[in-house]
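Down below is the structure, laid out as structure tokens.
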Amino acid sequence: QPVVPVLVFACKRAHYLEKTLKTLFERMPHNSEPTRERFEIWVSQDGTNAEVHDLVKNHYPQVRYLQHVDPSPLKKDHPGDAESYYLIARHYQWAMSQVFAQEPDAKHLIVLEEDIEVAMDFFEYMEAGAALMRKDPTLWTVTAWNDNGLASFSHDPKRLYRSDFFAGLGWIMTRSLWGELQPKWPRGYWDDWMRLPAQRQGRACIRPEISRTTTFGKEGSSQGQFFDSHLSKMVLNTEAVAFSREDLSYLLKENYDPAFLKAVAEAPVAQGGQPEGGKLEYGNHPEFKHVTEKLGLMTDEKAGVPRTAYLGVVTVHRSLAGPPLYIVPRGGKEMYEQKPRA
């Protein structure tokens, strides 16, 4: 059976890690078919926190454990940068290199953190997503997270999308992508770095309408940033979908793009302040922010890409059977490289 390492990054929040590991083992399938993936949980701890070490060693002997201790001084790109983001980036580079070296047959790994709960069909979703990636070189990862996954926009557990925005919070790193990124891995802020055009190179990811992960980590490096206002309100999928038995060929670029662009072009201009469906246009980032703020969607962008956008378009559904609502760049042209700001 192909082995897929599930790499959980940890530091010093043992109470969080315990919850994460508990739900992982509860929801991890034990596939006996030779063609199905076999998942293997790894924990990589940054530092020497005794509670984290003892939790893994004493209560989870089946976990593959790594410990990263690097006392060398950090080199920051800017003096005012937060040290924690440099420590995290260094840990990520070391741990992913370790796992791929120790599991030479692994074609990809799944990245998690110590404050993430996975949905009941998380593994099924990731396995089907990995199979899709093998068929479509324009996909570079699969993410379990929807940045706009509030209850009011989370209705269909089967609905998946292509997205140009790298979201993280439960995602796939392939061995081939790691071979590409590892030599130039950044000193800090690795996630924003991955979103830059030089790394993304026009590639997309798969994301769900209803998130297959949720985070409960209010305490951490971001110091609760976005947690109370947004992250804590995300919903986790509760209806299992057998994605391995679903036809996901509609997500292949050759199939997805023509159908998606046709649907956007034919959608009527939305009416009213809270439209059910249709399309709302924006010409620059301040206009995008104005539109999305009224709807309760994420308003920011990274490297010019709005969260969840594909070809410049953010798509949401306000009901299960209702029409999609598209937030569309005026003229149909994506503006990612322009990074429009006020």
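The values are calculated or read from the model by the stated rules, or taken from the named source; none is laboratory data. Everything quoted here is computed from the prediction, not taken from an experiment. Every residue, glycine among them, receives a Cβ derived from its backbone with ideal geometry; neighbour counts consider all protein chains shown. The protein model used for the area step is the full one, side chains on, heavy atoms only, and it has no ligands, DNA or RNA in it. Shrake-Rupley method; radii C 1.70, N 1.55, O 1.52, S 1.80 Å.
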The chain, relative contact order in percent, only Cα pairs under 8 angstrom and at least six apart counted = 17 percent
If the viscosity is 1.002 mPa s and the temperature 20 °C, what Stokes-Einstein diffusion coefficient in µm²/s follows for the chain when Rh is the Kirkwood radius over Cα pairs?
-> 103 µm²/s
Mean residue ellipticity at 222 nm from the helices of the chain, using -39,500 (n - 2.57) per DSSP H segment of n ≥ 4 over the full residue count, to the nearest 500 deg cm²/dmol?
-> -9000 deg cm²/dmol
With everything on Cα atoms, drop me the angle between helix 50-59 and the longest principal axis of the chain, reported from 0 to 90° to the nearest 10.
-> 80 degrees
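Express the carbon and sulfur contribution to the solvent-accessible surface of the chain as a percent, rounded to the nearest whole number, probe 1.4 angstrom.
C and S atoms contribute 52 percent here.
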Sparse-neighbourhood loop sites, GluC sites (Glu not before Pro) in region 208-309 - DSSP loop, at most 16 other Cβ within 10 angstrom | Glu219, Glu239, Glu246, Glu276
Between Lys76 and Ala198, the FRET efficiency computed from the C-beta separation at R0 = 25 Å comes out, to the nearest 0.05, as 0.80
Can you give the alpha-carbon Rg of region 68-167 over 2.2 N^0.38 Å, where N counts its residues?
-> 1.35
Any idea what angle helix 122-135 forms with the longest principal axis of the chain, computed on alpha-carbon atoms, 0 to 90 degrees, nearest 10?
-> 70 degrees
State the antiparallel share, in %, of DSSP beta bridges confined to the chain, rounding to the nearest 5.
-> 45 percent
With a probe of 1.4 Å, find how much accessible area the chain has per residue, and write the answer as a whole number in Å².
-> 45 Å²
Determine which lysines satisfy two conditions relative to Lys57: a Cα distance under 25 Å, and not lying fewer than 8 residues away in the same chain.
-> Lys12, Lys19, Lys22
Can you give the alpha-carbon Rg of region 16-132 over 2.2 N^0.38 Å, where N counts its residues?
-> 1.20
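Would you mind counting up the charge near Leu320? Only other residues with Cβ under 15 Å from its Cβ, with Lys and Arg at +1 and Asp and Glu at -1.
That works out to -1.
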May I ask for the longest run of the chain untouched by trypsin sites (Lys or Arg not before Pro) that are loop-located per DSSP and have at most 11 neighbouring C-beta atoms (other than their own) within 10 Å?
-> 76-332
With label points built 7 Å along Cα→Cβ from the Cα atoms of Arg134 and Arg36, find their separation and express it in nm.
-> 1.6 nm
Taking Cα atoms, how many degrees apart are the long axis of helix 14-27 and the longest axis of the chain, rounded to 10 and kept between 0 and 90?
-> 70 degrees
